[in-house]
Amino acid sequence: MTKKPILFCAILLLGIGIINAQKQLECKTKLSLFHDSVKGKKYDAAYESWLHVRNNCPDLSLAIYADGEKILKHKIENANGEVKVSFIEALRDLWKDRSQYYNSRTPKGEYEAKACQLLYDYKNELGKNNEELYDCFNQAFNGDKQTFKHPKSLYTYFSLMVDLFDEDRKSSAELFNTYDDVSEKIQVEIQNYSEKQNGLILKLENGKAFTNKEKNSKKVCESYLKNYTLIQKNIDTKLGIRANCENLVPLYTKDFEVYKNDGIWLKRAVNRMHHKDCTDDPLYEKLAKQYDEVLPSADSKFFVAGILIKNGKTEEGYDYMLAGYKLLEDNPFKKSKMAIRMGVFMKNKKQYSKARSFLLDALKLNPSNGKPHLIIAQMYASSAKNCGKDNFHKRAVFWLAAKEAKKASRVDPTLEKLVKQTVDNYEAKAPSKEDIFLSGLAGKTLKIGCWINRSIVVPEL
């Protein structure tokens, strides 16, 4: 009698095993079907097979979630009314399940930001208001800043804060803090992609060919650098007059005693007043000196240096800048930014040779930033009247300026439009074909003197 239940259980388990094996086989077959359809962008044809696997074998493959996202986005774009809403909810559920089954391959900040962006993009269909949407982005950003990095979501997050501020539902302090949080995040990502790009640029300059993987990597870096630069400009525009001196000075005056020992608060306050040209107000000097006392850094030295120079203490100011520059010797990206500051400072003082030295240092430290090339080109162009024995040689300086400017867009695609305008301007001021013919110097190398001390080849006719 005891053998019968055992036999029954064995048969039952065998049956269950067979059923599970059949289920797995069916799922694998349908997985192959929908994956092939998705590769061919036949999303409607993929839907039924995908849905079967999604419901019956949710942990079979990451393709369920990667392909499913494409399928559901297609469905959302081509549906209306309640059907559209159901697909939106299905996509949000898909991301939640991806986190459950493939947590290590589902960065929290990235996917929560995508979910918030989905709500924002279809806020009318879903009946979402600005406060609900902002809370979603704010929770995602503060929950995992490291992987919350998509340019579009960063802009949306800040844009919602501005909308709430304009509705008197957020304070000035909250607005400025969010601006700083987003701007600092953008700068972190610009640094990350610049550092990735630098190795590729050095390989290119050494005459080595890229692998296909490196070509793709360069395209990705250029795309993200372009987008982050654009987003930074857009949030600056969005902040606009909301952060003018009339608003900043009373706010920081009121909060100074509370935050006077908070280095991060001081840094942000000084930075904003500097960039908004509020440096004539006595509060700026007070903030800058306090910042340097509480959190000495290259930044703090630069701000204090500006005050010293403004008060006629030029040499002391320059020494302060140099001290700040040396503080950054272990961080090439940040040191490069400081070298550009130093270069611009020297350029404004008409000390072009010193300025170029700093700018060349900046290029060595961060080759993917093309701005130093443009600044050097501007100095060449400004010196054209003073560097040449006759009119032809003086105007030839503009060829050198154009050549230098062209280097900027080669390494930095974000400057492409500006570089084209600059080069067109310089080339229009250079000697014409008629001038070249009359000079008899076509194809010859001209030595450009004074501080420039460079050579340029006259174009062939």
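The values are calculated or read from the model by the stated rules, or taken from the named source; none is laboratory data. For clarity, every value in this text was computed on a predicted model and none was experimentally measured. So basically every Cβ, Gly included, is an ideal-geometry build from the backbone, and we count neighbours across all protein chains shown.
A few points about this structure:
- Within the range 52-68, being assigned to a helix (DSSP H, G or I) and either surrounded by 17 or more Cβ atoms within 10 Å (Cβ to Cβ) or in contact (Cβ under 8 Å) with a residue 40 or more places away in the chain (or both) holds for 52, 53, 54, 64, 65, 67, 68.
- Flag for residue 361 being surrounded by fewer than 21 Cβ atoms within 10 Å (Cβ to Cβ) and not assigned by TED's automatic domain parsing to the domain that holds residue 290: yes
- Per the listing 417, 433, 403, the residue uniquely among the charged types (D, E, K, R) and within 22 Å of residue 219 (Cα to Cα) is 417.
- Just one of (1) touching a residue at least 24 places away in the same chain (Cβ under 8 Å); (2) surrounded by 15 or more Cβ atoms within 10 Å (Cβ to Cβ); (3) touching a Phe, Trp or Tyr at 6+ places or on another chain (Cβ under 9 Å) fails for residue 288. It is (1).
- Residues of the range 189-242 satisfying the condition of being surrounded by 18 or more Cβ atoms within 10 Å (Cβ to Cβ), without any contact (Cβ under 8 Å) to a residue 60 or more places away in the chain and hydrophobic (A, V, I, L, M, F, W, C): 190, 200
- Yes/no for residue 183 being in contact with a Lys or Arg (Cβ under 8 Å, 6 or more places away or on another chain) and either outside any helix (DSSP H, G or I) or surrounded by 15 or more Cβ atoms within 10 Å (Cβ to Cβ) (or both): no
- Some residue of the range 411-431 being among the charged types (D, E, K, R) and crowded, with 19+ Cβ neighbours inside 10 Å: yes
- Pairs, first assigned by TED's automatic domain parsing to the domain that holds residue 366 in the range 401-421, second surrounded by fewer than 21 Cβ atoms within 10 Å (Cβ to Cβ) and of a type in the set (Gly, Ala, Ser), C-beta under 6 Å, six or more apart: 401/381; 415/409; 416/409; 419/409
- Selection from the range 112-134 of residues that are among the polar types (S, T, N, Q) and not in a helix (DSSP H, G or I): 129
- Residue check for residue 261: within 30 Å of residue 163 (Cα to Cα), polar (S, T, N, Q) and either more than 25 Å from the chain's Cα centre (by Cα) or not assigned by TED's automatic domain parsing to the domain that holds residue 197 (or both): no
- Flag for residue 303 being at pLDDT below 90, of a type in the set (Phe, Trp, Tyr) and either in the same structural domain as residue 268 (by TED's automatic domain parsing) or closer than 20 Å to residue 383 by Cα (or both): no
- Hits in the range 279-332 (condition: β-branched (Val, Ile, Thr) and under 21 Å from residue 346 (Cβ atoms)): 279, 304, 307, 309, 314
- Entry remark, the range 181-217: residues being closer than 21 Å to residue 140 by Cβ and either outside the structural domain of residue 235 (by TED's automatic domain parsing) or of a type in the set (D, E, K, R) (or both) number 4 in total.
- Any hit, the range 301-313, residues being surrounded by fewer than 16 Cβ atoms within 10 Å (Cβ to Cβ), under 29 Å from residue 260 (Cα atoms) and in contact (Cβ under 8 Å) with a residue 24 or more places away in the chain: yes
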